[in-house]
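Chemist: Before we start, here is the structure in question, set down as structure tokens.
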Amino acid sequence: MSKVWFITGTSTGFGRHFVEQLLQAGDKVVATARRLDAIQDFKALAPDRVHLAALDVTKKDQIQAAVQEAVDVFGQIDIVVNNAGYGLFGMLEEYTDEQIRKQFDVNLFGVLDVIRATLPVFKRQGSGHYINFSSFFGEVSYPPFSLYAASKFAVEGFSESFAQEFASFGIKTTIVEPAVFATEFIGHSMDRSVMKPEYLPYYEAFQKGFSNVKIGDPAKAVQYIISVIKSGNVPLRLPVGSYSADTIRESYNNKLKELSVWHERSAEAD
């Protein structure tokens, strides 16, 4: 049975691959993007099963309008994919106020506002599934992605909580944690700070480490994500790619080691 998917950020990257693969599979899709001209080609794939809606996730009126259009056209929404977002690259001291606020407006508050707009639909239906895109940076943080990681840590935090809050209404939640893939995240969509020379060693260390990272195929990643979602056996957190799974596991192990060192001492504060 086909599902109705509501997807943000479909002009490029993961979002575009979601739309293409879901339409090919026979599902219905509400594809959203800031610029409708960037997604007009979707209409040629399945004109009766795709609806295009203009949506900037920082604008609540556009979110509400897109959600209403989805219900008007298809009668329901089964799955919401909160994919829209971008990376902010640089050291904490280098970011401008505008860069910091925009990072959270898009990556955090944009996701929250889409959820708040679609939640009444899911509750009326007694079913629904939120797919919230995080990153391996939602579990691990290091330069030069401190603010990007912070925005994804926040998405993971509220998603873990509302997964429990919404479960009694028949609503599922999955946090997707991709590794590094060949999307616009590492291209022109990334915002960058103006580098201060004293941080050059950090940048050099990052570039050296990044040069060894395998860049994944986003089409393959989306195929994997969709297969897991449709299987019905869906975890709260879904690492995507070996680099993500390995990095997160290493982070967990390091945290457990540190905790074991301080566990007894921490009890002294009771």
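No value in this document is a laboratory result; all are computed from the given coordinates. Source: prediction; values computed, not measured. Positions of Cβ are backbone-derived with ideal geometry, glycine not excepted, and every protein chain shown enters the neighbour counts.
Chemist: Of Trp5, Trp262, how do they rank once you tally other Cβ atoms within 10 Å and put the fewest first? If you can, show how the numbers build up before the last one.
Modeler: Working: Trp5 26, Trp262 9.
Fewest-to-most Cβ neighbours within 10 Å comes out as Trp262, Trp5.
Chemist: Additional query: Angle, helix 200-210 long axis vs. longest principal axis of the chain, Cα atoms, 0 to 90°, nearest 10?
Modeler: Here the helix axis deviates by roughly 60 degrees.
Chemist: Now a separate question. For the chain, with the dipole built from +1 on Lys and Arg beta-carbon atoms and -1 on Asp and Glu ones, taken about the Cα centre, which of Ser266, Phe74, Val140 lies farthest toward the positive end?
Modeler: Phe74
Chemist: Something else now. Can you give me the long-range amide H partners of Val30? Hydrogens built in the peptide plane at 1.01 Å from N, cutoff under 5 Å, separation of 5 or more residues or another chain.
Modeler: Answer set, sorted by chain and number: Trp5, Phe6, Ile7, His51.
Chemist: Then there's this: Just the ratio, please: alpha-carbon radius of gyration of the chain over 2.2 N^0.38 Å, N its number of residues. Kindly include the intermediate steps, with their values, before the conclusion.
Modeler: Working: Rg = 19.4 Å, N = 270, 2.2 N^0.38 = 18.5 Å.
It is 1.05.
Chemist: A further question follows. Given H placed 1.01 Å from N in the peptide plane, which residues other than close sequence neighbours of Lys172 have an amide H under 5 Å from its amide H?
Modeler: The answer is Gly128, His129, Tyr130.
Chemist: So what are the ³J(HN,Hα) numbers for region 82-99, from phi and the Karplus equation (6.51, -1.76, 1.60; θ = phi - 60°), rounded to whole Hz, Gly and Pro as x?
Modeler: Per-residue couplings from phi come out as 8, 9, 4, x, 7, x, 10, 10, x, 8, 3, 5, 7, 5, 8, 4, 4, 5 Hz.
Chemist: May I pose another question? Angle check, please: helix 60-74 long axis (alpha carbons) against the longest principal axis of the chain (alpha carbons), in degrees 0 to 90, nearest 10.
Modeler: Rounded to the nearest ten degrees, it is 40.
Chemist: Could you pull out the GluC sites (Glu not before Pro) across region 218-270 that fall in loop regions by DSSP (anything but H, G, I, E, B) with no more than 10 other Cβ atoms inside 10 Å? Walk me through the intermediate numbers first.
Modeler: Values: sites: Glu250, Glu258, Glu264, Glu268; in loops: Glu268.
Within region 218-270, the qualifying GluC sites (Glu not before Pro) (loop, at most 10 other Cβ atoms within 10 Å) are Glu268.
Chemist: Also, quick follow-up: Identify all lysines with a Cα-Cα distance to Lys28 below 24 Å; exclude those on the same chain that are fewer than 8 residues away in sequence.
Modeler: Lys3, Lys43, Lys60, Lys123, Lys172, Lys220, Lys230
Chemist: Continuing with this model, one more query. Relative contact order, percent, of the chain when contacts are C-alpha pairs under 8 Å separated by at least 6 residues? Provide the component values of the computation, followed by the final result.
Modeler: Values: 442 pairs, mean separation 49.9, N = 270.
Averaging sequence separation for qualifying contacts and normalising by length gives 18 percent for the chain.
Chemist: Same structure again: Could you give the nm distance between label points at Asn253 and Leu45, where each point is 7 Å from its Cα heading toward the beta carbon?
Modeler: 3.9 nm
Chemist: Remind me, relative contact order of region 169-270 in percent, using alpha carbon pairs under 8 angstrom and six or more residues apart? Walk me through the numbers before you get to the answer.
Modeler: Values: 53 pairs, mean separation 47.6, N = 102.
Across region 169-270, relative contact order equals 47 percent.
Chemist: Mind checking which of Ile226, Val176, Ile215 is farthest towards the positive end of the chain's charge dipole, using Cβ charges of +1 (Lys, Arg) and -1 (Asp, Glu) about the Cα centre?
Modeler: Ile226
Chemist: Amide H of Phe89: which non-local residues (sequence gap of 5 or more, or other chain) have their own amide H closer than 5 Å, using H built in the peptide plane?
Modeler: Those qualifying (amide H under 5 Å, at least 5 residues apart or on another chain) are Asp191, Arg192, Ser193.
Chemist: Work out the length of the dipole vector of the chain about its Cα centre, built from +1 on the beta-carbon of each Lys and Arg and -1 on the beta-carbon of each Asp and Glu, and round it to the nearest 20 debye.
Modeler: Numbers: 27 positive and 32 negative charges, 142 e Å.
My answer is approximately 680 debye.
Chemist: Taking the chain as the reference, fit the longest principal axis to its C-alpha atoms, fit the long axis of helix 110-125 to the helix C-alpha atoms, and give the angle between the two in degrees, 0 to 90, nearest 10.
Modeler: 40 degrees
Chemist: With unit charges on the beta carbons (Lys and Arg positive, Asp and Glu negative) and the dipole taken about the Cα centre of region 57-191, which residue among Asn83, Val57, Gly126 sits farthest to the positive side?
Modeler: After comparing all options, I get Gly126.
Chemist: How high is the relative contact order of region 1-110? Use alpha-carbon pairs under 8 Å, at least six apart in sequence, and give a whole percent. Don't jump to the answer; show the numbers that get you there.
Modeler: Working: 168 pairs, mean separation 31.8, N = 110.
After rounding, I find 29 percent.
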